[in-house]
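Participant: Quick one: structure below, then a few questions.
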Amino acid sequence: MENDIYILGIESSCDDTSAAVLKNGVLLSNVTASQEVHRAYGGVVPELASRAHQQNVVPVVDQAIKRAGITKEQLSAIAFTRGPGLMGSLLVGVSFAKGFARSLEIPMIDINHLQGHVMAHFIKESEDDNHMPPFPFLCLLVSGGNSQIVKVNAYNDMQVLGQTIDDAAGEAIDKCSKVMGLGYPGGPIIDRLGKNGNPKAFQFSEPHIPELNYSFSGLKTSFLYNLRKWVAEDPDFVEHHKEDLCASLEYTIVDILMKKLRMAVKQTKINHVAVAGGVSANSVLRQAFQDHAAKYGWNIYIPKFSYTTDNAAMIACVGTFKYKDKDFASIDLPAYSKVTFK
C-alpha cells in the first residue's frame, strides 16, 4: 500500500541499544543489544555504555530493518529517544538518528523515554491486537531511575500525580542486592531468590510521605543498618537468610507502591490501571496487580516481559502517534538527561 507508515524506533538511553520497525502501528521487528560489560562494576558505567552504543547502533538498526522485511528507503520517519537518560548514551542514538534521517530525507520524531514506557501498552503485535487500556488510565511507572503514578489522558497528555522525592524503587532493589553481595542487576536476582522466601520474615521501615509521592531512601538505610547489625552477630547471616531477606524486601517495596496506587485510584475514580518500566517485570508486583484486580475490581494492564525493559518498540509506537499528528523534530534538537513529562 502506498500510504503504509513505517516507523524506525531507536532507543539508547542507558545500556541497551535497541531498534524496532512498526508498520501502521504493528510491530515487525524489535532488536536489542545488551551490554554485559557493566556486570563486573556492579552498575552502569556511562563512559563504557556510550562506547558500546557506538559499536552496536549500526548493526542493530541494520538487523531491525532486515527482520522487518523492508528496505531503508521504505521508512516514513525515524523516532528516537531524546531523553531522559545518560547523556553520552543518548547522544549516540540522537546523532545516528539525525544522520540517518537526513540521508534518507525523512522526518525525525523525538520521544520522551518515560512516555515510551507508558505507551508500551499500545504496541500491536498483530492487526487485531486490542489489549490497550482506554484513556484516561492510571500507570504505575517503576524502573531503576523512576517511580511515578501517571494519569494518562492521551498519548501526548500525561500528568504526574505522584513521584519519588529521592530514590526510585528499582534503584533501591539494586542497592540492597549490592549490599548483600548478590550481584547486578539486582532485580532479577532478588525476584528469583524471593520466590522461596518468607515475605514476613523481616520488617523494614516504610516511609510516611504526603499525598501520592514516594520515597525509598529510608527503606534503603533501614535495610543497610539492620543488615549490618545482623551480620555483626552472624557473619554468614546473608547466606543463611538471603531468600527471606529478598522476599521481605520485595514485599515492603511492593506494599509501598500499591498503597499509593490505591489512593490514586480512589482519588481519580479511574479503575483502568497499568504498570510499566523495568520493575514491572517483578513477579511480586505482577501478583499484587492480579490481587488488586480481584479485590477492588480494577481493570489491569501488565506488559509482556519484552516490553518492560528499555526497547525501541515503545519508541516507535509513540513515534507512530506523533507521525500521524505531524509532530516532527528539527535537526538541531539536543538530547536531555533529566526531565519528567512535557
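Participant: Just to be sure I understand, how many residues within segment 188-211 are surrounded by 15 or more Cβ atoms within 10 Å (Cβ to Cβ), more than 20 Å from the chain's Cα centre (by Cα) and not aromatic (Phe, Trp, Tyr)?
Facilitator: Selection size over segment 188-211: 7.
Participant: If you don't mind, another one. Among (1) out of contact with any Ser or Thr (no Cβ under 7 Å at 6 or more places or on another chain); (2) in a helix (DSSP H, G or I), where does Thr309 come up short?
Facilitator: Among (1) out of contact with any Ser or Thr (no Cβ under 7 Å at 6 or more places or on another chain); (2) in a helix (DSSP H, G or I), Thr309 violates only (2).
Participant: So, one more: Looking at Arg67, Arg82, Arg51, which is the one that is part of a strand (DSSP E or B) and of a type in the set (D, E, K, R)?
Facilitator: Arg82
Participant: List the number of the failed condition for Pro235; all other conditions in (1) touching a Lys or Arg at 6+ places or on another chain (Cβ under 9 Å); (2) not in a helix (DSSP H, G or I) hold.
Facilitator: (1)
Participant: Mind checking which residues of segment 178-203 are farther than 24 Å from Asp15 by Cα and part of a loop (DSSP other than H, G, I, E, B)?
Facilitator: Within segment 178-203, Lys195, Asn196, Gly197, Asn198, Pro199, Lys200, Ala201, Phe202, Gln203 qualify.
Participant: For residues that are more than 16 Å from the chain's Cα centre (by Cα) and not in a loop (DSSP other than H, G, I, E, B), scanning just segment 159-173, find the one that is nearest to Phe223 (Cα to Cα).
Facilitator: Filtering segment 159-173 for residues that are more than 16 Å from the chain's Cα centre (by Cα) and not in a loop (DSSP other than H, G, I, E, B), the one nearest to Phe223 (Cα to Cα) comes out as Gly162.
Participant: So, one more: When you go through (1) within 18 Å of the chain's Cα centre (by Cα); (2) aliphatic (A, V, I, L, M); (3) more than 20 Å from Val254 (Cβ to Cβ); (4) not in a loop (DSSP other than H, G, I, E, B) one by one for Leu138, which number turns out not to apply?
Facilitator: (3)
Participant: Filter segment 1-58 for residues that are modelled with pLDDT of 85 or more and among the acidic types (Asp, Glu); which is surrounded by the most Cβ atoms within 10 Å (Cβ to Cβ)?
Facilitator: Glu11
Participant: Another one. Is segment 281-293 home to any residue that is open to solvent by 30 Å² or more (accessible area, probe 1.4 Å), among the aromatic types (Phe, Trp, Tyr) and under 21 Å from Ile123 (Cβ atoms)?
Facilitator: No, because not a single residue in segment 281-293 is open to solvent by 30 Å² or more (accessible area, probe 1.4 Å), among the aromatic types (Phe, Trp, Tyr) and under 21 Å from Ile123 (Cβ atoms).
Participant: Being open to solvent by 30 Å² or more (accessible area, probe 1.4 Å) and modelled with pLDDT under 95 is the filter here, so list the residues in segment 94-123 that pass it.
Facilitator: Result: Ser95, Phe96.
Participant: Could you check, for segment 215-237, whether at least one of its residues is in contact (Cβ under 8 Å) with a residue 60 or more places away in the chain, within 25 Å of the chain's Cα centre (by Cα) and farther than 25 Å from Asp129 by Cα?
Facilitator: yes
Participant: With the condition kept exactly as written, say whether any residue in segment 250-271 is open to solvent by 20 Å² or more (accessible area, probe 1.4 Å), touching a residue at least 60 places away in the same chain (Cβ under 8 Å) and under 21 Å from the mean Cα position of the chain (by Cα).
Facilitator: yes
Participant: Assuming Asp128 fulfils every condition listed in (1) touching a residue at least 12 places away in the same chain (Cβ under 8 Å); (2) part of a loop (DSSP other than H, G, I, E, B); (3) closer than 21 Å to Tyr6 by Cβ apart from one, which condition is it?
Facilitator: (1)
The values are calculated or read from the model by the stated rules, or taken from the named source; none is laboratory data. As the structure is a prediction and not an experimental result, all values here were calculated from the model. All Cβ positions, glycine included, derive from the backbone under ideal geometry; neighbour counts span all protein chains shown. These area figures cover heavy atoms from the full protein model, side chains too; ligands, DNA and RNA do not enter into them. Shrake-Rupley method; radii C 1.70, N 1.55, O 1.52, S 1.80 Å.
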